[in-house]
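Visitor: What follows is a single structure, and I will ask about it in a moment.
Laboratory data are not the source of any read-out in this text; all were calculated from the coordinates shown. These numbers come from a predicted model, not from an experiment. Heads up, the Cβs are rebuilt from the backbone with ideal geometry, glycines too, and the neighbour counts pull from every protein chain shown.
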Amino acid sequence: KFPEGYFLLLMDLPDARIPGSVDEHLPTASSLLNCEVAMYMDRLAAGEEKFPESFGSLLEYVRKTNKFKSQSAVDEALNIVDASGLPHFARASLVNLMPETVEEARALIPDLDSLPDDDLSHILTNLKNTQNFVTN
């Protein structure tokens with residue numbers, strides 16, 4: 001189950017999957033990590049319900065781009081970026097893109113300009129360590 005305030009819009013899913021209208025939820029929506037989307041979609045796919053072909057294509061994409069494979073790794077990655085105080089989109093972008101260097105991170109994610117290089121380097125190192133070593 002995703003925390004309150006998260007909103008997931010999956011293309012071509014039946015309207016019953018989306019509580020309320022998109023316009024109602026989008027202004028307050030938080031960005032999701034690809035790994036969160038992959039886990040959620042895997043749970044949906046394991047059910048009996050039939051989904052359009054676009055669902056399978058999106059599921060394949062988020063599985064390929066998923067940087068953290070276990071729930072504990074996802075939780076640890078969220079803890080790392082949540083402690084940064086960055087906006088939601090910047091946090092999700094860091095985890096989804098996993099830039100290798102501070103320079104690459106700043107080039108890809110403009111919201112990181114306010115974060116000192118040492119802090120950003122520490123976050124990137126911790127994320128990489130979590131990706132490599134947290135498996136359960």
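Visitor: Through the Karplus equation 6.51 cos²θ - 1.76 cosθ + 1.60, θ set to phi - 60°, convert the phi angles of the stretch 38-46 into ³J(HN,Hα) values in whole Hz; use x for Gly and Pro.
Guide: Coupling constants for the stretch 38-46: 4, 5, 5, 5, 4, 5, 5, 5, 6 Hz.
Visitor: Once you charge only the Cβ atoms, +1 for Lys and Arg and -1 for Asp and Glu, what is the size of the charge dipole of the stretch 26-65 about its Cα centre, to the nearest 20 debye?
Guide: On the way: 4 positive and 6 negative charges, 23 e Å.
With only Lys, Arg, Asp and Glu charged at Cβ, the dipole is about 120 debye.
Visitor: Kindly write out, for the stretch 82-92 in residue order, the coupling ³J(HN,Hα) from the Karplus curve 6.51 cos²θ - 1.76 cosθ + 1.60 (θ = phi - 60°), rounded to whole Hz, with x marking Gly and Pro.
Guide: My calculation for the stretch 82-92 gives 5, 5, 6, x, 6, x, 3, 4, 5, 4, 5 Hz in order.
Visitor: How much length would be gained if the chain were fully extended between Glu103 and Ser72, taking 0.36 nm per residue of separation minus their Cα-Cα distance, in nm to one decimal?
Guide: That pair, Glu103 and Ser72, stretches by 8.3 nm at full extension.
Visitor: Can you tell me what the convex hull of the Cα atoms of the stretch 26-65 projects to on average, as an area in nm²?
Guide: On the way: hull surface 13.3 nm².
Projected area, direction-averaged: 3.3 nm².
Visitor: Let me check I have the definition right: for the stretch 84-124, take the eigenvalues of the Cα gyration tensor, multiply each by 5, take square roots. What are those semi-axes in whole Å, largest first?
Guide: For the stretch 84-124, the semi-axes come out at 12, 12, 9 Å.
Visitor: Right, another one. For Phe89 and Ser57, FRET efficiency with R0 = 30 Å and r from the beta-carbon atoms, rounded to 0.05?
Guide: 0.80
Visitor: Sticking with this structure for a sec: Given 0.36 nm per residue, what is the gain on full extension from Asp42 to Thr65 after removing their alpha carbon distance, in nm?
Guide: Numbers: separation 23, 0.36 × 23 = 8.28 nm, distance 1.41 nm.
So the extension gain works out to 6.9 nm.
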